[in-house]
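Presented below is the structure to which this report refers.
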Amino acid sequence: MKLKIAIQKSGRLYDDSVKLLKDCGIDLKNGVNKLKTEADNFPMEIYFLRDDDIPQYVEDAVADIGIVGENVLYENNKKVDIVEHLGFGKCRLSVAVGRSDQYTGVESLRGKRIATTYPTLVRQFLDKNKVEAEIHEISGSVEIAPGIGLAHAIVDLVSSGSTLFMNGLKEVETVLKSQAVLVRNRDLDAGLQAILDKFLFRIRAVKQAKNNKYILLNAPNDKLNEIIGLLPGMKSPTVLPLAQPGWSSVHSVLNENDFWDIIERLRDAGAQGILVVPIEKMII
Ligand code: ATP
Ligand code: ZN
């Protein structure tokens, strides 16, 4: 039995999707087949598809699971479950208008024509804000629509904003914050679900590891208690005596978020030789 996963065949999600599999220890067979391949060392088959098609394929159980942006998922509204947020493919679905346009709030969109490839999400956004406007669905190159007089405003995906800037536009509202998610067919049988659980266990270990660092430092014994008090650790820090009398080596795990703050306090408390190393996998 193999778990079938659908990932984007090329584009912005491709590299990170393949990397996720690799970080989970899943090696893909290199073959000539551009549509699908399988893993050497995990019961998984990988299908390469257009991202827009992935929710439908997962709903229809052509694939058991898939990796897709929330933007595509919510626009298509297919019957699949999100099982994990993956932390890559981050972007915003945003409203943009001409840089010199007056914009004072959503009300400024009333009666305007808005070009987008996301008509459903734009409709929901306008309804929620009780603003009536015309939605003009186009299939690509949305950012040029205002420049050629096709629309007053656009709703499109943005990450850095440089595409908007180059087209003389400014971002004025966020409709949706999006990232890649793992979705699942709603009727997986027990065998497939067991493989998915294994895969999820690995994904979570990889994600945990990315958010944490392993820290090693030397501490004078008379400062040990104070220094240990600053370290969260998974259970408690490891403390080993150094060859030099009166000193110990302390090992622990730090979360990326409080990282710099804690490092400074450790140094102030007398810690020396602080080493910080990445963690490859983390199981807690
Ligand atoms: P496909 O050929 O698979 O239909 P596509 O052109 O629709 O590809 P991409 O541009 O590769 O799709 O984007 C895939 C996904 O990457 C988007 O749906 C979105 O979730 C995410 N993404 C992240 N940053 C951006 C960005 N700056 N612009 C567009 N998409 C982004
Ligand atoms: Zn697409």
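Normalised by the number of residues in region 212-278, the mean separation of alpha-carbon contacts (under 8 Å, six or more apart) gives a relative contact order of 51 percent. Straight-line cross-link reach from Lys223 at under 14 Å between alpha-carbon atoms covers these aspartates and glutamates, not counting any fewer than eight positions away in the same chain: Asp268. Label reach from Gln179 (point 7 Å along Cα→C-beta): in region 23-42, no amide nitrogen lies under 13 Å.
Only helices enter this figure: runs of n ≥ 4 DSSP H residues, each worth -39500 (n - 2.57), summed and divided by the residues of the chain, yield -7500 deg cm²/dmol at 222 nm to the nearest 500. Seen from Val175, the other residues with C-beta closer than 13 Å to its C-beta sum to a net charge of -2, counting Lys and Arg as +1 and Asp and Glu as -1.
Here the Kirkwood formula puts the hydrodynamic radius of region 56-135 at 14.9 Å, using every distinct Cα pair. Relative contact order of the chain, taken over Cα pairs closer than 8 Å and 6 or more residues apart, is 19 percent. Packing around the peptides 151-157, 235-241, taken as the average count of other Cβ atoms within 10 Å per residue, puts them in this order, highest first: 151-157, 235-241.
Projected label points at His85 and Glu38, each 7 Å from Cα along the beta carbon direction, are separated by 3.6 nanometres. Please find the FRET efficiency linking Met166 to Gln208, where r is the Cβ-Cβ separation and R0 is fixed at 51 Å, and quote it to the nearest 0.05. The formula returns an efficiency of 0.85 here. Extension gain for Asn77-Ser236 works out to 52.7 nm (0.36 nm per residue, less the C-alpha to C-alpha distance). If the Kirkwood radius is taken over C-alpha pairs of the chain, then at 4 °C and 1.567 mPa s the Stokes-Einstein diffusion coefficient equals 58 µm²/s. The C-alpha atoms of the chain define a longest principal axis, and helix 190-210 lies at about 70 degrees to it. Pair-distance distribution P(r) for region 114-166, from all Cα-Cα distances in 5 Å bins starting at 0: 4, 21, 29, 23, 16, 5, 0 percent.
Put in order of Cβ neighbour count within 10 Å, fewest first, the listed residues Glu132, Glu137 become Glu132, Glu137.
Throughout, read-outs are computed from the coordinates displayed, never taken from laboratory work. Computed from a predicted structure; not experimentally measured. Glycine also receives a Cβ, built like all others from the backbone with ideal geometry; neighbour counts cover every protein chain displayed.
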